[in-house]
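A quick write-up on the structure given underneath.
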Amino acid sequence: KLKQFDGIWLSSLTVSTIMGKPDNELVDFTTRFRVLEEIIEVTTKPIIVDGDTGGELAHFGYRIKTLERLGVSAIIIEDKRGYKRNSLFGTDMDQHQESIENFSLKIKEGKNSSINDDFMIIGRIESLILKKGMDDALTRSEAYINAGADGIMIHSKEYDASEIKSFCKNYNNFSKKVPLIVVPSTFNSITENEFESMGVNIVIYGNHLLRSSYPNMLKTAELILKSERCKEASDKYCMSIKDIINLIPE
């Protein structure tokens with residue numbers, strides 16, 4: 001049967017890296033809006049935007065309106081405050097979690113600003129990343145759902161999936177649930193069928209296309225420098241010129 005991805009994830013890490021910038025909210029939302037416009041021109045797939053912390057509370061509602069006008073389906077915002085760093089740094093970097101009250105206010109602001117009932121605001125919980133414990137993650141999940149979150153994303157940087165499995169087991173006991181999202185960048189041995197049996201609704205493969213393309217570009221550049229011509233690199237790493245000029249139909 002035909003298998004394909006159901007949607008597109010606009011990753012903060014990927015967009016920042018392609019632009020040669022660190023993943024710390026240096027690439028602003030105006031720039032991301034331009035990237036989204038280019039993507040939407042060539043696909044009708046649903047798009048989920050990585051919104052980092054969502055920015056200032058007073059600005060968040062305006063960003064929701066812009067994303068809706070562009071045709072985006074959802075935004076995921078993480079419950080951090082201050083100088084945001086990539087979650088997979090974990091406690092190796094100075095990162096701080098936002099209070100439940102303040103993050104709930106941001107969710108409410110986003111929902112009040114939204115005019116499209118189909119647009120989703122998803123709360124990303126960093127408790128496991130920041131070693132705050134399972135109880136904190138579950139408490140925040142309930143609070144964000146009550147604040148109006150349309151989905152919950154639970155994140156972990158552990159290669160052992162036991163944290164995620166434990167969270168899912170407890171989450172399934174909630175009387176009020178919303179779609180559950182995971183991004184298995186580290187706990188990557190779990191199959192989609194296993195995630196489904198755990199109660200997960202959406203699996204995001206966050207940055208694999210970038211991580212696979214960069215090593216080959218590096219090898220190509222190194223081989224051109226070594227060979228002092230491009231024949232070897234073309235033969236070993238490159239698709240044919242005929243294929244690339246016909247990749248995008250006129």
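Using only the Cα atoms of the chain, what semi-axes does the equivalent ellipsoid have when each is the square root of 5 times a gyration tensor eigenvalue? Give whole Å, largest first. Mind dumping the intermediate values first?
On the way: eigenvalues 230, 93, 71 Å².
Square roots of five times the eigenvalues give 34, 22, 19 Å.
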Probe 1.4 Å, all protein chains in place: accessible area of residue 59 in Å², nearest 10? 90
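Tell me, what is the percent relative contact order of region 142-206, built from C-alpha pairs under 8 Å that lie six or more residues apart? Please report the intermediate quantities before stating the final value.
Details: 78 pairs, mean separation 23.5, N = 65.
Taking the mean separation of contacting Cα pairs over the length of region 142-206, I get 36 percent.
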As I understand it, the value is the acute angle between the Cα axis of helix 29-40 and the longest principal axis of the Cα atoms of the chain; what does it come to in degrees, rounded to 10? 60
Unsatisfied cross-links (Cα-Cα over 26 Å) in the set 106/177; 157/236; 131/169; 157/177; 45/219: 157/236; 45/219
Against the longest alpha carbon principal axis of the chain, how many degrees, from 0 to 90 and to the nearest 10, is the axis of helix 134-147 turned? 80
Taking the chain as a Gaussian network, Cα atoms linked when under 10 Å apart, which of 77, 100, 122 shows the biggest mean-square fluctuation? 100
Rounding to the nearest 10 and keeping the result within 0 to 90°, find how far the Cα-based axis of helix 162-171 lies from the longest principal axis of the chain. 40
Excluding ligands, DNA and RNA, the carbon-plus-sulfur percentage of the accessible area of the chain with a 1.4 Å probe reads 53
Specify the residue with the greatest mean-square fluctuation among 121, 145, 75, computed from a Gaussian network of the chain linking alpha-carbon atoms under 10 Å apart. 145
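Given the peptides 171-183, 126-138, 220-232, arrange them by the average over their residues of other C-beta atoms within 10 Å, most packed first.
Values: 171-183: 15.9, 126-138: 17.8, 220-232: 12.1.
Result, highest mean first: 126-138, 171-183, 220-232.
Relative contact order, percent, of region 4-152 when contacts are C-alpha pairs under 8 Å separated by at least 6 residues? If you can, show how the numbers build up before the last one.
On the way: 213 pairs, mean separation 32.6, N = 149.
RCO, region 4-152: 22 percent.
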Antiparallel versus total DSSP beta bridges in the chain: what percent is that, nearest 5? 10
Additional length obtainable on full extension of the chain from residue 193 to residue 116, 0.36 nm per residue less Cα span: 24.6 nm
Leaving out ligands and nucleic acids, note down the accessible area per residue over the chain with a 1.4 angstrom probe, in whole Å². 58
In percent, how large is the relative contact order of region 127-250, given Cα pairs closer than 8 Å and 6 or more residues apart? 18
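Starting from 0.36 nm per residue, how many nanometres of slack lie between residue 58 and residue 229 once their C-alpha separation is accounted for? Provide the component values of the computation, followed by the final result.
Values: separation 171, 0.36 × 171 = 61.56 nm, distance 5.45 nm.
Extra length from residue 58 to residue 229 when fully extended: 56.1 nm.
As a test of reading the structure, rank 56, 142, 78 by solvent-accessible area (1.4 Å probe, protein chains only), most first. Walk me through the numbers before you get to the answer.
Working: 56 120, 142 95, 78 5 Å².
Most to least solvent-accessible, the answer reads 56, 142, 78.
The values are calculated or read from the model by the stated rules, or taken from the named source; none is laboratory data. Keep in mind it's a predicted model, so treat the numbers as computed, not measured. When we count neighbours, we look across all protein chains shown, and the Cβ atoms used for this are built from the backbone with ideal geometry, even at glycine. All accessible areas refer to the heavy atoms of the entire protein, side chains included, with ligands and DNA or RNA removed. Shrake-Rupley method; radii C 1.70, N 1.55, O 1.52, S 1.80 Å.
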